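Asks: Let me give you the structure first, and then I'll get to my questions.
The values are calculated or read from the model by the stated rules, or taken from the named source; none is laboratory data. Source: prediction; values computed, not measured. Using ideal geometry, Cβ is built from the backbone for each residue, glycine included, and neighbour counts are taken over all protein chains shown.
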Amino acid sequence: MTLLPKNNTTDLQPEKTEGNQLFPVFLKLDNLHTVLVGGGNVGLEKLTALLQNSPAAAVTVISKTFLSEIHTLAAEYAQLNIIQKAFSDTDLDGADIVIAATDDSELNNYIRQSAHDRKLLINVADKPELCDFYLGSIVQKGDLKIGISTNGKSPTIAKRLKEVLNEALPAELDTSLQQMNEIRNQLSGDFTHKVKELNRVTAVLVGKQKPPSNKKLMLFVWGTFVVFLGIALTVLWLKEPVFRTYVEGVNPLFYYFLVAGFVFALIDGAIGMSYGVTSTTFSLSMGIPPASASMGVHLSEIMSNGIAGWMHYRMGNVNWKLFKLLLLPGIIGAVTGAYLLSSLEHYSQYTKPVVSLYTLILGLVILFKAINLNRKRTSAKIKNIPLLGLGGGFIDAVGGGGWGSIVLSTLIAGGRHPRFSLGTVKLSRFFIALMSSLTFITMLNGAHWEAVAGLVIGSALASPVAARISNKISAKAIMFSVAVIVILISLRSIMNFIIKVI
């Protein structure tokens, strides 16, 4: 057996491997003392990064001179201490972590040697070879924090990746984290069982498990229902003269609205909006008073939004904080609007042009959205959510639609994540449509039920088909077409009113 000499350790060293060999950690800086040397631009940059991530961190900054911004930070953060003096070896007494951020290479080397003499870890700004650790770019969404490291090769690339991830990751991820924490705290059983359950719940995030979906079951149920309905109607038509007489006596308006409700629901399924405005515009053009038109829209939307809201709830697409902020103001606005419009039913000749003006505005909004469909949304979030819900609910009830066009579009344009916004708006829409419909039914005595029934049945029949065509038709082309049709019909209605007045 051959023994290696004690002073020969070359063969015992592991081979140097390619790639980033850094070990990532997250430090509780509020439990540590950080000494930062340097009061210039680089020192300010490092200090800002420390305080943004750990506002309660105890930091001592040492420098002969300081930028005014550092004095401002010192007044804001109680744990930040600034000492105006030249650096000396004893300044590191009591330190846990050291950051050298000066433009003096000799001083940086001296600080590094002083830190190592005390077995302290040090970061030397812009000198990767002198660093024991790096300050990477950070992406934060609430309790979620992601550190990015390029092994000191390119901080610029890390900065760009941070921008990409900040845009791609929704802020609602923090809501998911809080929900997962609640689930973890409620789980019973041993550690293995808890890990298994948490892995099962979160498997959808990495694509290992498809989200729960009843699409095939729904298509089967609806297909069976349509076939059964077709057979039943055929048998009744052939064998029951009373039924045939009844059908022949139904107001033809019902069949017009049956087809219209089906088509409008298909459009809504393809682009996720415009059912209310298209249905209301069509109803007004057919001579239906605004209140009855709005009631038909809201009754037909109860089922579709209830199903959609339930599916989004099952998929975890509901931001509950946003839902609570929207729901009550939205209901109050919708009930108020429905009550007001129903009270003015006898003055429909005056309310109709007002509603037509509203549908004209919505048509222009849809046209604008079609033009800017692929534009990047802003990152500034809308903050007054209850006011948005109140206004959206009121205008939706008065105009027969617009909750999606106003509320959903505003949330997305204001930086809210589209998937969470859609799920939240759909679920809240169910309750708002339900309450406004109850108000209309209570207030109206002579509603045009043939038109209402046509919209309800037509949209219900279209709901399973609409989901299938949403990815097969150009949303932009549909939005352009819908916008042009709505604008033209609204203008026609307004012009007819002006001609009558004149």
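Asks: Looking only at the range 428-438, filter to residues that are crowded, with 24+ Cβ neighbours inside 10 Å and of a type outside the set (D, E, K, R); which one of those is nearest to G401 (Cα to Cα)?
Replies: First, the residues of the range 428-438 that are crowded, with 24+ Cβ neighbours inside 10 Å: 428-429, 432-433, 436.
If we keep only those that are of a type outside the set (D, E, K, R) too, we end up with 428, 432-433, 436.
Values: S428: 14, I432: 11, A433: 10, S436: 11 Å.
Among residues in the range 428-438 that are crowded, with 24+ Cβ neighbours inside 10 Å and of a type outside the set (D, E, K, R), the one nearest to G401 (Cα to Cα) is A433.
Asks: Go through the range 53-67 and give me each residue that's outside any loop (DSSP other than H, G, I, E, B), polar (S, T, N, Q) and modelled with pLDDT of 90 or more.
Replies: Those that are outside any loop (DSSP other than H, G, I, E, B), polar (S, T, N, Q) and modelled with pLDDT of 90 or more: T60, S63.
Asks: Taking the conditions exactly as written (among the basic types (K, R), in a strand (DSSP E or B) and more than 15 Å from V37 (Cα to Cα)), does K119 satisfy them or not?
Replies: no
Asks: Specify which of the listed residues (A483, A467) is more than 30 Å from N251 (Cβ to Cβ), at pLDDT below 70 and among the hydrophobic types (A, V, I, L, M, F, W, C).
Replies: Just one listed residue meets the conditions, A467.
Asks: OK, next. Hey, any hits in the range 284-302 for a residue that's modelled with pLDDT under 75 and either under 12 Å from G399 (Cβ atoms) or surrounded by fewer than 24 Cβ atoms within 10 Å (Cβ to Cβ) (or both)?
Replies: For the range 284-302, residues modelled with pLDDT under 75 and either under 12 Å from G399 (Cβ atoms) or surrounded by fewer than 24 Cβ atoms within 10 Å (Cβ to Cβ) (or both): absent.
Asks: Just for the range 34-52: of the residues that are of a type in the set (G, A, S) and in a helix (DSSP H, G or I), which one is farthest from D91 (Cα to Cα)? Lay out the reasoning, then the answer.
Replies: Quick first cut of the range 34-52, residues of a type in the set (G, A, S) only: 38-40, 43, 49.
Okay, now just the ones that are also in a helix (DSSP H, G or I), so 43, 49.
Numbers: G43: 17, A49: 22 Å.
Taking the candidates together, the pick is A49.
Asks: List the residue pairs whose Cβ atoms are under 9 Å apart, where the first residue sits in the range 447-462 and is among the hydrophobic types (A, V, I, L, M, F, W, C), the second is outside any helix (DSSP H, G or I), and the two are 6 or more positions apart or on different chains.
Replies: Qualifying pairs under 9 Å: A447/P289; A451/N251; A451/M286; A451/I288; V452/I288.
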